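Everything below concerns the one structure shown next.
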Amino acid sequence: MNLPTIDPIIFEIGPIALRWYGLMYLLGFITAWVLGNYRATRPNSGWTKDQVADFLFYAFIGVIIGGRIGYVLFYGLEWWKQDFWYLFKIWEGGMSFHGGMLGVAGGAWYFARKSKKSFFEVTDFIIPLVPLGLMFGRIGNFINGELWGREASADFFLAMRFPGDQLGLLRHPSQLYEALFEGLVLFIILWFYSAKPRPRMAVSGLFLLGYGVARFSIEFFREPDAHLGEIISWLTMGQVLSAPMIVAGLILMVMAYSKPKKQA
């Protein structure tokens with residue numbers, strides 16, 4: 001199967017261009033806004049629609065700033081050393097989930113102080129809205145024909161060639177694996193898990209654990225960045241960054257259920 005070349009730009013009006021990846025970001029935030037408003041209207045949610053909108057504003061800023069800084073520090077440090085302005089060249093591509101997550105955490109901390117909520121009260125509420133945004137983002141990667149997988153067997157029904165791959169190998173569409181497991185499946189788990197009162201930190205812990213395990217596992221099917229390769233023995237940068245998430249998720253879950261009286 002050959003993935004056709006898809007123009008990354010959907011349409012242009014003068015100097016303004018709508019790109020597929022930008023559209024995926026937009027869909028992710030619209031979905032989070034709709035689901036967040038739904039959650040806010042539930043009895044005893046402790047949230048208002050205005051608070052959801054406020055938080056998503058800070059989250060958007062955190063995703064952009066954190067995602068870009070994270071990518072440069074984790075994946076493009078050598079390029080930054082050669083060109084200081086590379087950090088600001090977002091239009092050239094390059095966003096890191098782990099950096100974006102830290103950026104959103106920073107936005108959550110600021111919003112928590114501003115709204116007089118606890119940090120984990122904010123993250124437990126908002127985290128179930130995150131995976132669908134990740135799903136849309138990985139679909140954007142697939143449409144752009146980037147971040148493809150490792151070589152796949154010729155008889156594997158999903159094996160495909162990506163237009164930007166100069167080797168022309170049949171590869172795993174790892175972007176779709178990530179969209180499914182880090183996105184849709186994780187969303188379903190978190191949505192139903194958080195539908196009932198849980199100990200504070202439990203929802204946040206489950207997200208870190210679930211995403212970390214999914215990303216760590218799928219990295220075995222994802223082609224490592226050419227300029228990085230494996231970082232430590234057979235571990236890729238994605239696995240090195242995801243392993244602490246698994247540990248942190250387990251710690252938060254244990255801490256949450258050791259104090260069951262604090263409900264989210």
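Throughout, read-outs are computed from the coordinates displayed, never taken from laboratory work. As the structure is a computational prediction, the values presented were derived from the model and not from experiment. Ideal geometry is used to build each Cβ from the backbone, glycine not excepted, and the neighbour counts take in all protein chains shown.
Subtracting the Cα-Cα distance of Leu73 and Val34 from their residue separation scaled by 0.36 nm leaves 10.8 nm.
Only DSSP H runs of four or more residues enter the estimate; each adds -39500 (n - 2.57), and after division by the residues of the chain the mean residue ellipticity at 222 nm equals -18000 deg cm²/dmol. Listed by chain and number, the aspartates and glutamates whose C-alpha is less than 20 Å from the C-alpha of Lys81, apart from same-chain residues fewer than 8 away, are Glu92, Asp225. Across every direction, the projection of the convex hull enclosing the Cα atoms of the chain has a mean area of 16.0 nm².
Please find the FRET efficiency linking Phe220 to Ala17, where r is the Cβ-Cβ separation and R0 is fixed at 25 Å, and quote it to the nearest 0.05. All intermediate terms of the calculation are to be shown ahead of the outcome.
Values: r = 36 Å, r/R0 = 1.42.
Efficiency for this residue pair is about 0.10.
Each Lys and Arg adds +1 at its Cβ and each Asp and Glu adds -1 at its Cβ; summed about the Cα centre, region 1-134 shows a dipole of about 500 debye.
Annotation for Glu146 and Asp165: the two label points, set 7 Å from Cα along the Cα-Cβ direction, are 1.8 nm apart. Extending 7 Å from Cα along the Cβ direction at Ile9 and again at Trp234 yields two label points whose distance is 4.4 nm. Name the residue from Ala59, Leu77, Leu176 whose Cα lies farthest towards the positive end of the charge dipole of the chain, charges +1 on Cβ of Lys and Arg and -1 on Cβ of Asp and Glu. Highest projection toward the positive end goes to Ala59.
Neighbour counts of C-beta atoms inside 10 Å place Val213, Val34, Val63 in the sequence Val34, Val213, Val63, starting with the fewest.
When each full DSSP H helix of the chain is screened for a Cα extent of at least 15 Å along its own axis and an average Kyte-Doolittle hydropathy of at least -0.5, the helices passing are 20-40, 49-74, 97-115, 130-144, 202-218, 237-258. Charge dipole (Cα centre; +1 on Lys/Arg Cβ, -1 on Asp/Glu Cβ; no other charges) of the chain amounts to roughly 1500 debye.
Simple point charges give the picture: +1 on the Cβ of Lys and Arg, -1 on the Cβ of Asp and Glu, and for region 95-169 a dipole about the Cα centre of about 500 debye.
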